[in-house]
Protein chains: 2
Amino acid sequence: MASELTAVAAGGGHHWILDLADCRCERDMLCDAASMQTLCVQACADSGMRVVGQCFHQFQPEGVTGTVLLAESHLAIHTWPELNYVALDVYVCDYSSSNVGKGQRLVRCLRDMLKARAVREHQVPRSSVREPSAS
Amino acid sequence: MASELTAVAAGGGHHWILDLADCRCERDMLCDAASMQTLCVQACADSGMRVVGQCFHQFQPEGVTGTVLLAESHLAIHTWPELNYVALDVYVCDYSSSNVGKGQRLVRCLRDMLKARAVREHQVPRSSVREPSAS
């Protein structure tokens, strides 16, 4: 049991999946990869995350897809400006300590920035531990 | 109704979240960022995806975090070699046509490569459409 608890702490984590519809933020934020990259990296830093990589792609004529790699795992974002829609993921692992609080701050920060009027949110716990067999 | 259906087609998608425990693949695959990057990018191409960006980070002394940006959305992967554990995400949007088949091929390809003995899988439908209000 002790080893199982250790594994949960080492390999566990938390994943937020958000579909943000009817976003009323500045249009540049949804259209322009450089603008979105700057905002996402800043939001990660402001939430106490350690950024270890970043990659954003500009779609033509508009739209962004990008990820920020974190010591705590990742943020991924995809925008459809023509629909005012953003697909957002934040995943934090709990390698040496719980990062759930940082993840919650990051999700809140991005939600506030995007000004979505409708949000569908899923939360998925992550774990390295094998499911117990059905008996 | 017609406009809602159009929005579903344009802003919909599918997200696979896999926790792969007890992975029995080559150890280099879990430890080395360059090895993992090559395998992931190849798997995306083999599955019919269009790669538009990639970013992988090498943790010390071992372990990888990385993402491949796709025209169809993204793949994200994180490894804990000391636990033989991998956290994997594949998200495909359905912008101009359904990409679910490509996503299924990519997930299967990576599962086969990682040789996990225990897999916990969540599938989350994504959508740009506002939820109908509760009545």
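Give the residues of segment A:85-102 that are at the interface with chain B (Cβ under 8 Å from one of its Cβ atoms) and more than 16 Å from residue A:15 (Cβ to Cβ), sorted by residue number.
The answer is A:85, and nothing else.
For segment A:22-40, the criterion of being touching a Ser or Thr at 6+ places or on another chain (Cβ under 7 Å), charged (D, E, K, R) and surrounded by fewer than 17 Cβ atoms within 10 Å (Cβ to Cβ) is met by at least one residue.
Okay, residues lined up against (1) on the phi < 0 side of the Ramachandran plot; (2) among the β-branched types (Val, Ile, Thr); (3) surrounded by 24 or more Cβ atoms within 10 Å (Cβ to Cβ):
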site	(1), (2), (3)
B:45	yes, no, no
B:52	yes, yes, no
B:67	yes, yes, yes
B:84	no, no, no
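Within segment A:54-64, being of a type outside the set (S, T, N, Q), under 16 Å from residue A:86 (Cα atoms) and open to solvent by 40 Å² or more (accessible area, probe 1.4 Å) holds for A:57, A:59, A:62.
Please return the ranges of strands (runs of 3 or more DSSP E) entirely within segment B:17-130 where 2 or more residues are over 14 Å from the mean Cα position of the chain (by Cα) and modelled with pLDDT under 95.
Once the strands (runs of 3 or more DSSP E) in segment B:17-130 are filtered for at least 2 residues that are over 14 Å from the mean Cα position of the chain (by Cα) and modelled with pLDDT under 95, what remains is B:116-126.
Among the residues making up segment A:35-53, those that are in contact with a helix residue (DSSP H, G or I) (Cβ under 7 Å, 6 or more places away or on another chain) and farther than 14 Å from residue A:90 by Cα are A:35, A:36, A:39, A:46.
The values are calculated or read from the model by the stated rules, or taken from the named source; none is laboratory data. In this text the structure is predicted, and so the values were computed from the model without any measurement. Because the Cβ atoms are built from the backbone with ideal geometry, glycine has one as well, and the counts that use them run over all protein chains shown. Side chains are part of the model used for accessible areas, which takes the heavy atoms of the whole protein and leaves out ligands, DNA and RNA. Shrake-Rupley method; radii C 1.70, N 1.55, O 1.52, S 1.80 Å.
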